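The next block holds one structure in the form of structure tokens; read it before the comments.
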Amino acid sequence: MTSQTTDHQGPQESRLFNPPASFVANARISGMDAYNALCAEAEQDFEGFWARLARENVDWKVPFTRTLNEDNAPFYKWFEDGKLNASYNCLDRNLQNGNADKTAIIFEADDGAVTRVTYQQLHEKVCKFANGLKSRGIKKGDRVIIYMSMSVEGVAAMQACARIGATHSVVFGGFSAKSLQERIIDAGAVAVITGDEQLRGGKFLPLKSIVDDALALGGCDSIKDVIVYKRTGNPIAFKEGRDIWLNDLVDHQSAECEPEWVEAEHPLFILYTSGSTGTPKGVQHSTGGYLLWANLTMKWTFDIKPADVFWCTADIGWVTGHTYIAYGPLSVGATQIVFEGIPTFPHAGRFWETIAKHKVSIFYTAPTAIRSLIKASDADEKVHPKSFDLSSLRLLGSVGEPINPEAWMWYYKNVGKEQCPIIDTFWQTETGGHMITPLPGATPMTPGSCTLPLPGIMTAIVDEAGHDVPNGQGGILVVKRPWPSMIRTIWNNPDRFKSSYFPDEFGGKYYLAGDGAIRHKDTGYFTITGRIDDVLNVSGHRMGTMEIESALVANPLVAEAAVVGKPDETTGESICAFVVLKQARPTGDDAKKLALELRNWVAKEIGPIAKPKEIRFGDNLPKTRSGKIMRRLLRVLAKGEAITQDVSTLENPAILEQLKEAS
Ligand code: WT7
């Protein structure tokens, strides 16, 4: 762990924006007194608080009697003797409470075509899908990989797995064959659900052929079935016996499927995410605790009401798309948009146009998208939010990376017309749902600050010794008590789970988020100051520097590589790679050509999202006498700043000059 952020003194942004009085008056959690009362309840009777919420918000087949089991900490168990089904909680209970004919999903296709699916229809789709999976012998406890684009079928695939107790692992459609293969092997999956192709920004992109490539790389013998959703209808290769069209699998199935009642701790899904070292980690989530938090944060953070049209722009390949598309909105019976396309097609006003078209009332997106749309609307009035009727909006959200105060203000003024609270939601793949966020009908907002933890979430900022630091002084973000939707383990690697998240430094008791943070001297509001490990956040996508380095050195031309993040106006951070080739250091056009070749190589190894924006070639890398690469110097060089730090431990100071600029 590095601690470059622990001495962070700012930001001490002090502006406060109150939520509109009308919002507060109608909010589910109305005013700070209501927030404080919930926090007090959690403080006074931690288990009683969570037990009450779990009973009120989740439908249990078998009620739990034990709320929290800490015997084998940090392998916490929540509601362990209870039984439930996540799909039942998202679908069946909506049929019983009058939502059967309510629209569950408004699918907005890449080309603007719209399909609506009611809760009744989604229930039928999921039941048939689930019966189809069962007919192939897929059962409780099996792992199923979902490699699909944004679609009703993608959501139905996740729900169908949940219905039969199979653990899904969604792999983002932008990952390469190799990344997919690694995840298939690690998960020991029995089936892959995919599409023929995906449509994004008017382009046809492959899916099935990448699955074929992944399986051809070897080691995937556990895979018995490849189920293919027909999206574009272009010809694809088919392997008899292994591959089957989704329609052929489900059309003749019964529209009823009794849910598999699973224990609360049964793994609902595994989602791979990057850590500072090694291969991606399979973050394992539970069924009961996870579902509780997906449901409750829809109510608390999003203040969801029956008439809302909810739109989370994330992809189901990320945790945001799990909690705030596939599970949360359905579990509260909401109407939501599922969007296939991209924010800039056919023009950069697509988000605003879609909000107007479907009268979206709650909109949740990433700062990167906002920043790029600010740029686009500065250049062209036609795509500026003011050119669209956004009067349906009542709440805005931000997720995935820090939102800079300028972008926050633009979002607040131009999209929300100063009438919509902004919830800047801090959380992680590992946390399952929101952790630190304003409550829209209670918390006065400060641009760039995620403000205060949700009730029951015991966040704190500590120093390296685990002691609380005073407000105004930066430190390490931890969570002092377990919470229901927390990561349960790393699939196949409980030791790594312990050492990554519950390190001995803090007595093995505190959950270590991996972020630095600081609390405002007066309000106590949290501001996230960035990762304290070697994890990058590019456009809200999380990547390990080491993964990218491994991909680079796998190229036969590369002798050594070091990757660092560089602040980027639009994407938050960008990837800058320092590379030593086996051949002499290239310059001029040679360097350009080789840089392009290596960027494409990384895209092929990991996926296009991991492509370094910049590659600099050197004869060597800056190292200490003991041979350790000095990344903090590389970070300074990447930014184009002069090195003011002590370089006395550096073995080869001359190299710094060479790495100062792009080759
Ligand atoms: C990392 C987690 C949140 C789900 C999607 C990303 C950063 C996330 C915020 C925020 C500042 C944020 C953190 C965190 N992050 N939200 N509101 N303000 N930073 O999940 O891929 O697991 O990434 O994203 O650095 O650790 P993820």
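The values are calculated or read from the model by the stated rules, or taken from the named source; none is laboratory data. Quantities reported herein were computed from a predicted structural model and do not represent experimental measurements. Using ideal geometry, Cβ is built from the backbone for each residue, glycine included, and neighbour counts are taken over all protein chains shown.
Evaluation of Glu464 against the conditions (1) over 26 Å from Gly275 (Cβ atoms); (2) more than 15 Å from the ligand (Cβ to nearest atom); (3) touching a residue at least 60 places away in the same chain (Cβ under 8 Å); (4) assigned to a loop (DSSP other than H, G, I, E, B) shows that the sole unmet condition is (1). Does Arg635 satisfy the criteria of being under 30 Å from Ser398 (Cβ atoms), outside the structural domain of Lys281 (by the TED database) and surrounded by fewer than 17 Cβ atoms within 10 Å (Cβ to Cβ)? Taking the combined requirement at face value, the residue satisfies it. Looking across the stretch 69-108 at every residue that is of a type in the set (Phe, Trp, Tyr) and not in a strand (DSSP E or B), the one that is surrounded by the fewest Cβ atoms within 10 Å (Cβ to Cβ) is identified as Phe75. Residues that are in a helix (DSSP H, G or I) and surrounded by fewer than 18 Cβ atoms within 10 Å (Cβ to Cβ) within the stretch 53-68 comprise Arg55, Glu56, listed in sequence order.
Annotation note: Cβ proximity below 9 Å between a residue of the stretch 509-523 that is on the phi > 0 side of the Ramachandran plot and a residue that is in a loop (DSSP other than H, G, I, E, B) and among the small types (Gly, Ala, Ser) (sequence gap 6+ or interchain) occurs for Gly514/Gly275; Gly514/Ser276.
As for the stretch 548-556, it holds no residue that is within 16 Å of the ligand (Cβ to nearest atom), within 30 Å of Trp483 (Cβ to Cβ), in contact (Cβ under 8 Å) with a residue 60 or more places away in the chain and not in a loop (DSSP other than H, G, I, E, B). Looking across the stretch 566-576, just one residue is surrounded by fewer than 23 Cβ atoms within 10 Å (Cβ to Cβ) and among the small types (Gly, Ala, Ser), and that is Ser574.
Yes or no, residue by residue, for (1) assigned by the TED database to the domain that holds Cys450; (2) within 21 Å of the chain's Cα centre (by Cα); (3) of a type in the set (D, E, K, R):
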position: Gly474; (1), (2), (3): yes, no, no
position: Val478; (1), (2), (3): yes, yes, no
position: Arg488; (1), (2), (3): yes, yes, yes
position: Pro494; (1), (2), (3): yes, no, no
position: Gly507; (1), (2), (3): yes, no, no
position: Tyr510; (1), (2), (3): yes, no, no
position: Lys521; (1), (2), (3): no, no, yes
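Checking each residue in the stretch 328-342 for being out of contact with any strand residue (DSSP E or B) (no Cβ under 7 Å at 6 or more places or on another chain) and either part of a strand (DSSP E or B) or within 16 Å of the ligand (Cβ to nearest atom) (or both) picks out only Gly328. Taking the stretch 294-327 as the region of interest, how many residues are in a helix (DSSP H, G or I) and closer than 22 Å to Arg542 by Cα? Residues flagged as in a helix (DSSP H, G or I) and closer than 22 Å to Arg542 by Cα within the stretch 294-327 amount to 10.
Can you give me the number of residues within the stretch 230-273 that are acidic (Asp, Glu), closer than 26 Å to Tyr290 by Cβ and assigned to a strand (DSSP E or B)? Looking only at that region, the number is 1.
Just one of the listed residues (Ala307, Ala369) is of a type in the set (Gly, Ala, Ser), more than 21 Å from Gly432 (Cβ to Cβ) and over 22 Å from the mean Cα position of the chain (by Cα), and it is Ala307.
Checked against the criteria, Leu95 does not count as under 28 Å from the mean Cα position of the chain (by Cα) and either in the same structural domain as Tyr327 (by the TED database) or at pLDDT 95 or above (or both).
Once the stretch 315-336 is narrowed to residues that are touching a Ser or Thr at 6+ places or on another chain (Cβ under 9 Å) and surrounded by fewer than 23 Cβ atoms within 10 Å (Cβ to Cβ), the residue that is nearest to Gly288 (Cα to Cα) is Trp318.
Answer yes or no as to whether Lys128 is out of contact with any strand residue (DSSP E or B) (no Cβ under 6 Å at 6 or more places or on another chain), surrounded by fewer than 20 Cβ atoms within 10 Å (Cβ to Cβ) and at pLDDT 95 or above.
It is false that Lys128 is out of contact with any strand residue (DSSP E or B) (no Cβ under 6 Å at 6 or more places or on another chain), surrounded by fewer than 20 Cβ atoms within 10 Å (Cβ to Cβ) and at pLDDT 95 or above.
Counting just the residues of the stretch 372-405 that are closer than 25 Å to Thr103 by Cα and among the aliphatic types (A, V, I, L, M), which one comes out nearest to the chain's Cα centre (by Cα)? Restricting to residues being closer than 25 Å to Thr103 by Cα and among the aliphatic types (A, V, I, L, M), the top hit is Leu396. Within the stretch 483-503, being within 24 Å of Glu47 (Cα to Cα) and assigned to a loop (DSSP other than H, G, I, E, B) holds for Trp483, Pro484, Ser485, Met486, Ile487, Arg488, Phe502.
Within the set Glu418, Glu401, the sole residue that is surrounded by fewer than 24 Cβ atoms within 10 Å (Cβ to Cβ) and more than 24 Å from Asp308 (Cβ to Cβ) turns out to be Glu401.
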